[in-house]
1. Provide A:F145, B:F20 in ascending order of the number of other Cβ atoms located within 10 Å of each residue's Cβ, fewest first.
2. Pairs of alpha-carbon atoms within less than 8 angstrom and 6+ residues apart define the contacts here; what relative contact order does chain B have, in percent?
3. Rounded, prolate or oblate, given the Cα gyration tensor of the stretch B:111-228, with a/c below 1.5 counting as rounded?
4. In peptide B:110-122, what is the residue-averaged number of other protein chain Cβ atoms found within 10 Å of each Cβ?
5. Run down the lysines and flag those whose C-alpha is under 30 Å from the C-alpha of B:K305, throwing out any fewer than 8 positions away in its chain.
6. Take A:D215, B:D278 and order them by how many other Cβ atoms sit within 10 Å, fewest up front.
7. Using Cα springs under 10 Å in a Gaussian network model of chain B, which residue among B:S191, B:S46, B:S134 shows the largest mean-square fluctuation?
8. In a shell of Cβ-Cβ distance under 14 Å around A:G319, excluding A:G319 itself, what net charge do Lys and Arg (+1) and Asp and Glu (-1) give?
Amino acid sequence: MSAAAPDDADRLESIRMIRDSAAAVAPPGGDLRRVRDLRFTGPGYDPAVLRGIGELGWIGLRVPEEAGGAGLGMGEMCALAEQLGAGLVPEPLIHAALSAALLAAAGERALLARVLSGDALVLTAWQERADTLDAPASPDGARRFLPMAGGAEAFLVPVREGGGIALYAQPAAGADLVLERTQDGGSFGTLRPALSGATRIADDVGAVLPGLLDDAALATAATLLGGMERAFAMTLDYLKTRQQFGKIIGTFQALQHRAADLAMQIALTRASVESAAAALDAGAAGDARRAAVSRAKVRATEASMLVTRGCIQLHGGIGYTDQYDVGLYLRKAMVVSGQFGGAALHRRRFMAAAPEVDE
Amino acid sequence: MDAIRIPPPAELDGLDDEHFRQVVRAFLHAHYPEHLRNPPKRLHWSENKEWYHILAREGWLCPGWPREHGGLGLSPVKQIILSEEYERHGVARTNDHGIVMLGPLVIQFGTEAQKRHFLPKILTGEHVWCQGYSEPNAGSDLAALRTEAVPDGDHYVVNGQKIWTTLAMDANWIFLLVRTDREAKKQEGISFLLVDMATPGITVRPIINLEMHDEFCEVFFDNVRVPRENLVGQLNRGWDMAKALLGFERIFIGAPRQSAYALSRLKLLAERMGVSDDPAFRDSYARLRLELEDLKALFGTHVAKLRRGESLGPDVSMLKVIQTELFQKITDTMLDIGGENGGLLEPMEGNRDLNIGGLYIQARPATIYGGSNEIQRNILSKNVLGLPG
Ligand SMILES: Cc1cc2nc3c(=O)[nH]c(=O)nc-3n(C[C@H](O)[C@H](O)[C@H](O)COP(=O)(O)OP(=O)(O)OC[C@H]3O[C@@H](n4cnc5c(N)ncnc54)[C@H](O)[C@@H]3O)c2cc1C
């Protein structure tokens, strides 16, 4: 279950290249001007950057090559999500990728092409309540927490029909959509689906949807990893420069221990996320797959909150200002850490999937 | 509820506790402005002065001050009851630096003239105070402060900068720690000065906090002339007084107020999320509630000390640490059970009173202000436990 990170040289090279290419969208120097400018505006992201992300092939990273994607693995997806998390990139890659994968599974090529290119943001409206991974039951129940929904061109609406889950595509134009602002400067949309104006594009996606939600959960864990790591790096810098009592505050043992504690949580998160991605890429299925994903999501959810709030504390007053970047990471973690299931949900799921300790 | 008579302020402390609780409820029912209940953010003076003036008019403004100075002189238990009932009702915090900090300081260290001049003006709301201690390079190391007051005839001339000054934009007076002797050891060259914010040379610049709220400020002093009689206590002895005042600040932050409010929100959230009966939730809720009850008991012992006329010892730092960390744990739990709702900027849909993310963020600085919890733990280990270092 706890496969290590891939040791095959080609895979490592592929993952390294993805990391490097992420610099195109998430400046490695940590410049967050673009991110700040987009907060609390229009759709909350830049459609041109989403197209750029499409051109880089990221939206279809996991989509099979024959469907127009790059056919890469979770190792690459997590490496990318991590970089984008470090840069607080607001373009909703994970959600676009989820829709791309569903459209590929449904064989809906025309809309898929527009999603892959980043020309259209299509969001999957699968969620009927907070803190769940359950597929929706009702045809008209409100679908919640659709990130950046103000920029969406269409929604994919899974609906339980008969024994399976049918998939509808509903245009955003004219849809009953309500937006609520989120702490990171984006928004969550609530959609009341209207299937009369929607196209039924697949009879049953019930066999693929849970696995795709798992992929999204794991990529979300990687996003959180990237964010906490960057916030922590900023904090370490601050501990090495800020002076009080005539000393660099990083010389105070209380702060050293606290920093060491946070570093251990980050190390556990990285190990958990990378080993889960490796397990998925090695073909883990069923319970083993669910256990790996849940383990990573539990750790990332909890560690991201612990680390980002610890970073505020280690900064003192300046950490509580909007102007200083470290707070952006706390507020991003508040929005992202609950997505695709919170810690308690994934703990329960882990215990159901892996009831016994591995020998 | 209407049957309960609200006795005059002087009689309140004589009531039995349960009766007093009913009186507080009736008082809030009769007087508290409905539109100010459960404000999602700390209110500015323009919004909360209505309530301040009501409290002033009814004589209820200063529960802890002795009666001879216009306070209610309430027993510790009654102060706790009062704050519980305020929280239960969702009462907004006022601009309370004068009530909580400056008033007690003037009562303890001020001259008769200062008491006569300043205390009544707090009681009427004519003076709204803010606290000018911290500077960009003097936060935890407060004694490193550099804002300077130089004597010039009947005045001091003040130059320098304060930062993180809560609600300075609302205040018309500020109490300052200033350096009055550059040569002395750093704690021994500090004095305590009261400054009218309308004096020429003062600039206030709001800082937006993590809640996107203009709650604290930078305050700049450029040749600000302050009459000498506005010095409190002895010249160069400001540090000792400030330390005494920090005791008041710590007991105020250590009061169960914030945690009690947060716990009431957690309960509401659990109901909304349908997890009230979930055994895992009930266990964590029980833990938090028990900690709150124990905090109330510990708080009571400190308030009782004050009431006996004893001064607060360094162990009051325990209250500050326990309360603020409990406040945070409660809001952490809210985020845990709220799922994606925890990421919302505004209160949760369908319930104006429930802003999970807002409360979570508000809880963050509680372990920073009023002396960070690291500093409190340093105090506890050295000054209470006697550990070397
Ligand atoms: C919301 C808010 C409101 C405030 N309101 C006011 C106000 O009205 N008036 C006012 O004067 N001030 C106010 N303050 C300022 C507050 O008192 C300071 O922020 C606080 O004293 C910490 O100082 P600092 O921010 O400079 O952090 P620093 O002192 O630089 O601390 C940075 C980090 O180092 C740690 N640290 C520092 N020294 C030590 C040590 N010796 N051992 C271990 N750890 C240490 C701190 O705990 C913190 O984690 C407010 C602050 C906040 C956040």
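1. If I rank by nearby Cβ atoms, fewest first, I get B:F20, A:F145.
2. Across chain B, relative contact order equals 13 percent.
3. Cα axes put the stretch B:111-228 in the oblate bin.
4. Average per residue, whole number: 0.
5. Straight-line reach from B:K305, under 30 Å: B:K78, B:K115, B:K121, B:K243, B:K296, B:K320, B:K329, B:K382.
6. Starting with the residue having the fewest Cβ neighbours, the order is B:D278, A:D215.
7. Largest GNM mean-square fluctuation: B:S46.
8. Spelling it out: positives minus negatives among the neighbours equals 0.
Rule-based calculations on the coordinates, nothing more; no lab input. All of these numbers come straight from a predicted model, not from anything done at the bench. Heads up, the Cβs are rebuilt from the backbone with ideal geometry, glycines too, and the neighbour counts pull from every protein chain shown.
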